Amino acid sequence: MILLFYLLAIVLANVITAAFMPLQLGMFLIPYGTWLIGATFVLRDMMQKKYGRKVAYKAIFVALVLSAITSKLLGDTLAITFASAVSFLISESADTEIYTRFKVTFLKRVFTSGLVSSFLDSAIFIVLGLSPLISGFLPWEAVPNAIGGQFIVKTLMQVLGVLVLYIFKSHWEVRTHEGKTD
């Protein structure tokens, strides 16, 4: 079920981002799909906890393909599709590896890996997909605020996700795929 939610969140984030103009919140520019992207890092960690790193990477690959297909079907430019794929692959891989290597509690791994991954996802996507570097949708002056807006929203979603996991902590203190408990 977690795998399905993860894949659905990725596809829905693309659809929502394509369907609505970004939210201008003060100096920040935030696509509405960003809210779901923040949740995907938590879902990916939950999936890895339950099924293991190997399955997490398979899910990342499936999500990458679904995301690219969705972007193409929604009429995204090649630059946007490319930036999305690169940022997704790097950020999700970073999330997986940080989660794997940190030997702290489950909730701390979820938050730490998500924090780093959110920044990578935001920065890479905006620089490759929206800045003057390739497409020119945003001027260089707007890039830091666009990155900041996305990073803040993704971080808020992860804080919310970690709080929910904390509230239902006993449910997640089950044996992991490796036979250990967190």
Do you know which residues across the range 17-33 are more than 14 Å from residue 138 (Cβ to Cβ) and in a loop (DSSP other than H, G, I, E, B)? 20, 26, 32, 33
What number goes with the only condition from (1) surrounded by fewer than 19 Cβ atoms within 10 Å (Cβ to Cβ); (2) part of a helix (DSSP H, G or I); (3) small (Gly, Ala, Ser) that residue 83 does not pass? (1)
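Is it true that residue 91 is under 16 Å from the mean Cα position of the chain (by Cα) and at negative phi?
Working: under 16 Å from the mean Cα position of the chain (by Cα): yes; at negative phi: yes.
Yes, satisfied.
Within the range 55-68, can one find any residue that is of a type in the set (Phe, Trp, Tyr), part of a helix (DSSP H, G or I) and modelled with pLDDT under 95?
Here is the first cut: in the range 55-68, the ones of a type in the set (Phe, Trp, Tyr) are 57, 61.
From the residues that got through so far, the ones that are part of a helix (DSSP H, G or I) too are 57, 61.
This time we only want the ones that are modelled with pLDDT under 95, so: none.
No, the range 55-68 contains no residue that is of a type in the set (Phe, Trp, Tyr), part of a helix (DSSP H, G or I) and modelled with pLDDT under 95.
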When the range 73-87 is examined, which residues are found to be free of Cβ contacts under 8 Å to residues at least 40 places away in the same chain and out of contact with any helix residue (DSSP H, G or I) (no Cβ under 6 Å at 6 or more places or on another chain)? 73, 78
Determine which member of the set 153, 110 is part of a helix (DSSP H, G or I), more than 28 Å from residue 24 (Cβ to Cβ) and not acidic (Asp, Glu). 110
Residues (of a type in the set (D, E, K, R) and either buried (at least 18 other Cβ atoms within 10 Å of the Cβ) or in contact (Cβ under 8 Å) with a residue 60 or more places away in the chain (or both)) located in the range 136-156: 154
When the residues of the range 13-33 are filtered to those that are farther than 14 Å from residue 156 by Cβ and surrounded by 19 or more Cβ atoms within 10 Å (Cβ to Cβ), which remaining residue is modelled with the lowest pLDDT? 29
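Just to be sure, is residue 13 in a helix (DSSP H, G or I) and under 24 Å from residue 143 (Cβ atoms)? Steps first, please.
Working: in a helix (DSSP H, G or I): yes; under 24 Å from residue 143 (Cβ atoms): yes.
So residue 13 passes the test.
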Conditions (1) modelled with pLDDT of 95 or more; (2) aromatic (Phe, Trp, Tyr); (3) closer than 18 Å to residue 47 by Cβ: number failed by residue 106: (1)
Looking at the range 122-172 only, could you name the residues that are in contact with a strand residue (DSSP E or B) (Cβ under 9 Å, 6 or more places away or on another chain), over 19 Å from residue 39 (Cα atoms) and not aliphatic (A, V, I, L, M)? 145
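Please verify whether residue 36 is in contact with a Leu (Cβ under 8 Å, 6 or more places away or on another chain), buried (at least 20 other Cβ atoms within 10 Å of the Cβ) and outside any helix (DSSP H, G or I), treating the condition exactly as stated. Reasoning before the result, please.
Values: in contact with a Leu (Cβ under 8 Å, 6 or more places away or on another chain): yes; buried (at least 20 other Cβ atoms within 10 Å of the Cβ): yes; outside any helix (DSSP H, G or I): no.
No.
The values are calculated or read from the model by the stated rules, or taken from the named source; none is laboratory data. These figures come from a predicted structure and were not determined experimentally. Counting neighbours? That spans all protein chains shown, and the Cβs are built from the backbone with ideal geometry, glycine included.
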